[in-house]
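Here the structure is laid out as structure tokens; the discussion comes afterwards.
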Amino acid sequence: MTPLILQLRRLPRLHLMTSMAILIAVITIVLVWPKEQSPAEPVNSTPFDSSSVSNPTTPAVTPSEPEPKPDSLDTPEIAAEPAPALKPVPQRVENWVEYPVKSGDNLTTLFKRAGLGPRDVYRISQAVSGSDALSRLRPGQTLAFLIEDGLLRKLRHAQDRLNTTLIELTDTGYQVQQLERTPESRTAYAEGTITRSLFLDASEAGLSNKTIMQLAEIFGWDIDFALDIREGDRFRILYEQDYLDDAPLDQSRILAAEFINQGKTFSAIRFTDSKGNSQYFAPDGRSMRKAFLRSPVDFSRISSRFKPERYHPVLGKKRPHRGVDYAAATGTPIKAAGDGKIIWRGTKGGYGRTIILQHGGNITTLYAHLSRYQKGLNNGARVKQGQVIGYVGASGLATGPHLHYEFRSNGVHKNPLTVALPAAEPVASEERAAFQAESERLLAVLNQHANIHLALSDEESPK
Ligand SMILES: [Zn+2]
């Protein structure tokens, strides 16, 4: 049981490091690639497609030209259709020039590159003062200029694929607009079999690092992803995939998942109750979580275990050790093991700064040797599982910074590392019907996808 706990803590870090390495590799490729194609040269970009923005703007039109109908610009597919009765509307092509933001750039350097002077920098700065527009110029972004007869008509700052600032010259001066796009969320499916590791096989199945971490988190209470995983284990996942202009963006959340570990099937359904709280439950309504965290701190090692008798390093005599010591750096956050109420917050002899939580089912947990308490949490305050209540220290009788953690049930000390943890609350009875419907719907979609996958792989394999 003990090495299991230790491994469980290390696992996400290993994954994280692999993920980081891949991420860095991808970033490097992305950074290098466009540079070879277009160094610091300005890029002639297509007119800003305002139709794809949730807050469209009408492109600038010179007074001599007839005012184009907004419809014909906002919905090009209608304009493209043959409509002999209508005269084609003359469309003015905007000559945008786009500059990539480089390291060390600011408005002055970018404006200079675009052939504009300090006067323009001043006028734009005045226009954006008081807002955070143009305040975060970062390499990788672009600044696009629409200059006509030496006059800056429009300026466009693309922060990322979803957020753009547009500054436009109007009769009353420069007007600033924030254009935000909302990605479209679609249900996606992935499945796979473990042949090497969860991370490698799930990545190959198309899951992002974030989704893999989410998967490990959902089933982490039942499956130890470092020790329990076997070759041949299988997973099937229904998740949300964001799209922008039909191009995949982020994977957001897992909707339903199934993990077969050593022949045992675990299923999880995401359910949002009528109060808006989202959690994962088994199809029968049991929570996927336990009511208590096994370890309330991210520790480097267990420095002392639960022992009925031991030699106390500071007192120099035999003393029972009724908790677990987790060695961690001073200042490491300590989390409430479960939902509860603070019934003690103060110094308690050799325990130093101590917090005691009262939970349901006559269970209390104790956290000792804190360097400090979390601000705003006084005696009597209610806390949620995982909420930070204080920070690791060495107050009281301690040889070094660590958390001394105790778990008491009906007043009796239990070994926190081995005590059977009660499950978190199941689906509430008044939410039961809604959960049942959602669970059946999601499992049906999951099975439907699985069948399509099966049919496709049958076609691919030689007869
Ligand atoms: Zn201790």
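Only one of 251, 241 is assigned to a strand (DSSP E or B), open to solvent by less than 40 Å² (accessible area, probe 1.4 Å) and touching a Pro at 6+ places or on another chain (Cβ under 8 Å); which?
From the options 251, 241, the qualifying one is 241.
For the stretch 142-158, which positions are open to solvent by less than 50 Å² (accessible area, probe 1.4 Å) and out of contact with any Lys or Arg (no Cβ under 7 Å at 6 or more places or on another chain)? Result: 142, 143, 145, 148, 152, 154, 155, 156, 157, 158. Among the numbered conditions (1) within 20 Å of residue 377 (Cα to Cα); (2) surrounded by fewer than 17 Cβ atoms within 10 Å (Cβ to Cβ); (3) outside the structural domain of residue 399 (by TED's automatic domain parsing), the only one that residue 283 does not meet is (1). Residues that are more than 10 Å from the ligand (Cβ to nearest atom) and among the hydroxyl-bearing types (Ser, Thr, Tyr) were ranked within the stretch 291-311; the one that is modelled with the highest pLDDT is 295. Any chance you could count how many residues in the stretch 179-199 are surrounded by 14 or more Cβ atoms within 10 Å (Cβ to Cβ) and either assigned to a strand (DSSP E or B) or not hydroxyl-bearing (Ser, Thr, Tyr) (or both)? Matching residues across the stretch 179-199 total 13.
Residue-by-condition table, conditions (1) open to solvent by 60 Å² or more (accessible area, probe 1.4 Å); (2) farther than 20 Å from residue 290 by Cα:
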{"residue": "318", "(1), (2)": "yes, yes"}
{"residue": "321", "(1), (2)": "no, yes"}
{"residue": "324", "(1), (2)": "no, no"}
{"residue": "344", "(1), (2)": "yes, yes"}
{"residue": "361", "(1), (2)": "yes, no"}
{"residue": "378", "(1), (2)": "yes, yes"}
{"residue": "386", "(1), (2)": "no, no"}
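Is it the case that some residue within the stretch 326-339 is within 14 Å of the ligand (Cβ to nearest atom), modelled with pLDDT under 90, over 26 Å from residue 423 (Cα atoms) and in a strand (DSSP E or B)? Checked the stretch 326-339: no residue is within 14 Å of the ligand (Cβ to nearest atom), modelled with pLDDT under 90, over 26 Å from residue 423 (Cα atoms) and in a strand (DSSP E or B). Any residue at all in the stretch 120-137 that's open to solvent by less than 30 Å² (accessible area, probe 1.4 Å) and part of a strand (DSSP E or B)? Within the stretch 120-137 (the criterion being open to solvent by less than 30 Å² (accessible area, probe 1.4 Å) and part of a strand (DSSP E or B)), the answer is no, since none of the residues qualifies. Can you tell me which residue within the stretch 393-409, out of those that are more than 12 Å from the ligand (Cβ to nearest atom) and among the polar types (S, T, N, Q), is farthest from residue 336 (Cα to Cα)? So, considering only residues that are more than 12 Å from the ligand (Cβ to nearest atom) and among the polar types (S, T, N, Q), the one farthest from residue 336 (Cα to Cα) is 395.
Screening residue 209 with (1) modelled with pLDDT of 95 or more; (2) surrounded by 17 or more Cβ atoms within 10 Å (Cβ to Cβ) gives one miss only, at (1). The set of residues from the stretch 427-463 being surrounded by fewer than 16 Cβ atoms within 10 Å (Cβ to Cβ) and under 24 Å from residue 293 (Cβ atoms) comprises just one member, 428.
All of (1) without any contact (Cβ under 8 Å) to a residue 40 or more places away in the chain; (2) within 16 Å of the ligand (Cβ to nearest atom) hold for residue 314 with one exception: (1). Being in contact with a Ser or Thr (Cβ under 7 Å, 6 or more places away or on another chain) and either within 16 Å of the ligand (Cβ to nearest atom) or free of Cβ contacts under 8 Å to residues at least 40 places away in the same chain (or both) is a condition met by at least one residue of the stretch 378-392. When residues in the stretch 253-277 are screened for being farther than 30 Å from residue 306 by Cβ and touching a residue at least 24 places away in the same chain (Cβ under 8 Å), 15 of them pass.
The values are calculated or read from the model by the stated rules, or taken from the named source; none is laboratory data. Not measured: the values here are computed from a predicted model. Reconstructed Cβ throughout: ideal geometry from the backbone, glycine too, with neighbour counts over all protein chains shown. The protein model used for the area step is the full one, side chains on, heavy atoms only, and it has no ligands, DNA or RNA in it. Shrake-Rupley method; radii C 1.70, N 1.55, O 1.52, S 1.80 Å.
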